[in-house]
Amino acid sequence: MPISTIMLALGFMFGDGAAAFMSLHLGKKEPEKAAKGIGNMVAIVIGTGIVLMILFELFLTPLCRLFGATDNVLPYALDYGRIIVLGFPFSIICSAFGSPIRADGRPKISMAGLLIGCAANMILDPVFIFVCGWGVKGAAWATILGQVLNALYFIICLFQFKTIKIKKEYFIPDVRVVGNIASLGTSSLISQIASVFVIAIMNNMLVKYGAVSKYGADIPLAALGVTMKVSQLITGVTLGIASGVQPILGYNYGSRQHDRVKSTLKWSLILGTAIMFAALFIFQVFPEQIIGIFGQESDLYVEFAVKCFRIYLLACFLIPSGAVVGIFFQAIGKPIPAAALTLSRQIILLIPAMLILGYTMGVEGILWAGPFSDALSGIIALITVKVFWKRIFENKGQKETAGR
């Protein structure tokens, strides 16, 4: 997961950055600049995917060790990882191309591409794992084939943009354009890369403190892994809302329709928070039922997994605040506050909290670091947008008046 996340981080950086670049220039009635940004993004993304595939194939074993793989886990990680890495040139396309397609006003097309890959993976998983008897390697091949189908679909869609026309010369990288795209996508990069550091530190701490507890080293590692996967399904909905409103925010900010920007931000915050409150209720009331979906394990495993759901996700309802506000700053072309908010949750707050609470409380202290960072970062995000709110729109208005 951490290795794939590094690849996704770069894909999201270029994809989300290109989408923001495109929306801002379309709002300013500059379609050629928007098209050049998309062409540059395509070239950089494909090249990055090939480079990552080569590097991770060469250094997979030390990386798995770095991210906390125990002797029991390592053989499975290598069997799965050496195959998964082969799909990185396709996977990075899947992560990057969806955002510009949404910014083109085709969210259904973007969603269809992801569903094609997802459906293929779900169908092929049981066939390769059980019918063909390939085990964990079969799961990896199913994932890659799903990514290939998704990538091919997105490549076809790339040449059917409604709002821009991509020319061959736009695929030649321009340092200035790539720099602008990368800066606008910095928040997305930091969000993903920060999670890599968090997972690496968290896994190693779970193994360290779990080994001296009644749960052992492997149970905390597996249980919290399941918890984070389940939470990602729900937070993915709120992140989807945030990503979905990005082109709306960017276009309307670029075209000076500030009332629409304000309304979109407000309702995306309300909707995301409401969804996470519903998720919080489910996590607190039905943790054992959720855990059972992933198979039957020992009583100790179930005991710790229940703690993971009830403690680690206790403040999940504040996650949308940071996500939506971060996307807001990214969409209106202000990458610095977007990046700072992203850093606050995972790097500035979560990692120190894990180190301190893990040292003082043991393995359960690592769980309490989750709600601490979620709550504080969410509050910081809301305060930040309130402080910047008038400054953003008043300064914009003053500049427009001066220009006229």
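Descriptive notes on the structure:
- Residue, nearest to ALA222 (Cα to Cα), within region 47-65, restricted to residues that are open to solvent by 70 Å² or more (accessible area, probe 1.4 Å) and touching a helix residue (DSSP H, G or I) at 6+ places or on another chain (Cβ under 8 Å): ARG65
- Once region 119-146 is narrowed to residues that are in contact (Cβ under 8 Å) with a residue 40 or more places away in the chain, open to solvent by less than 40 Å² (accessible area, probe 1.4 Å) and part of a helix (DSSP H, G or I), the residue that is nearest to TYR80 (Cα to Cα) is ALA140.
- The condition of being outside any helix (DSSP H, G or I) and either surrounded by 21 or more Cβ atoms within 10 Å (Cβ to Cβ) or not hydroxyl-bearing (Ser, Thr, Tyr) (or both) holds for only one of GLY68, GLY37, GLY87, that being GLY68.
- Subset of region 321-371 that is among the aromatic types (Phe, Trp, Tyr) and within 22 Å of SER187 (Cβ to Cβ) - its residue that is surrounded by the most Cβ atoms within 10 Å (Cβ to Cβ): PHE328
- Identity of the residue in region 303-316, open to solvent by 40 Å² or more (accessible area, probe 1.4 Å) and in a helix (DSSP H, G or I), that ends up farthest from ALA375 (Cα to Cα): GLU303
- Against the test of being among the aromatic types (Phe, Trp, Tyr), out of contact with any Pro (no Cβ under 8 Å at 6 or more places or on another chain) and open to solvent by 20 Å² or more (accessible area, probe 1.4 Å), the options PHE21, PHE12 yield a single qualifying residue, PHE12.
- Every pair of residues 6+ apart whose Cβ atoms lie under 6 Å, when the first sits in region 365-381 and is among the polar types (S, T, N, Q) while the second is open to solvent by 30 Å² or more (accessible area, probe 1.4 Å): SER373/ARG345; SER377/ARG345
- Taking the criterion of being hydrophobic (A, V, I, L, M, F, W, C) and crowded, with 21+ Cβ neighbours inside 10 Å, the only residue of region 206-216 that qualifies is LEU206.
Matching residues to (1) without any contact (Cβ under 8 Å) to a residue 12 or more places away in the chain; (2) more than 23 Å from ASP218 (Cα to Cα); (3) in contact with a helix residue (DSSP H, G or I) (Cβ under 9 Å, 6 or more places away or on another chain); (4) assigned to a helix (DSSP H, G or I):
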| residue | (1), (2), (3), (4) |
| --- | --- |
| GLN296 | yes, no, yes, no |
| ALA338 | no, yes, yes, yes |
| ALA353 | no, no, yes, yes |
| TYR359 | yes, no, yes, yes |
| VAL387 | yes, yes, no, yes |
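- Beta carbons closer than 7 Å, at least 6 apart along the sequence or on distinct chains, pair a first residue in region 197-215 that is at negative phi with a second that is of a type in the set (Phe, Trp, Tyr) and open to solvent by less than 30 Å² (accessible area, probe 1.4 Å) for ILE199/PHE67; ALA200/PHE67; ASN203/PHE67; TYR215/PHE304.
- Which listed residue, of ILE101, ILE181, ILE92, ILE164, is open to solvent by 10 Å² or more (accessible area, probe 1.4 Å) and not polar (S, T, N, Q): ILE164
- Which numbered condition ILE291 fails, given (1) surrounded by 20 or more Cβ atoms within 10 Å (Cβ to Cβ); (2) farther than 30 Å from ALA211 by Cα: (2)
- Counting only residues that are β-branched (Val, Ile, Thr), open to solvent by 40 Å² or more (accessible area, probe 1.4 Å) and part of a helix (DSSP H, G or I), region 71-84 holds 0 of them.
- Considering the conditions (1) open to solvent by 40 Å² or more (accessible area, probe 1.4 Å); (2) modelled with pLDDT of 90 or more, LYS28 is excluded by exactly one of them, (2).
- Qualifying residue in region 7-21 (condition: more than 18 Å from the chain's Cα centre (by Cα) and assigned to a helix (DSSP H, G or I)): yes
- Residue satisfying all of: in region 274-287; out of contact with any Phe, Trp or Tyr (no Cβ under 6 Å at 6 or more places or on another chain) and touching a residue at least 40 places away in the same chain (Cβ under 8 Å); most open to solvent (accessible area, probe 1.4 Å) among these: ILE275
The values are calculated or read from the model by the stated rules, or taken from the named source; none is laboratory data. As the structure is a prediction and not an experimental result, all values here were calculated from the model. Every residue, glycine as well, gets a Cβ built from its backbone with ideal geometry; the counts of neighbours run over all protein chains shown. Accessible surface is based on the protein model in full, side chains and every heavy atom, while ligands, DNA and RNA are left aside. Shrake-Rupley method; radii C 1.70, N 1.55, O 1.52, S 1.80 Å.
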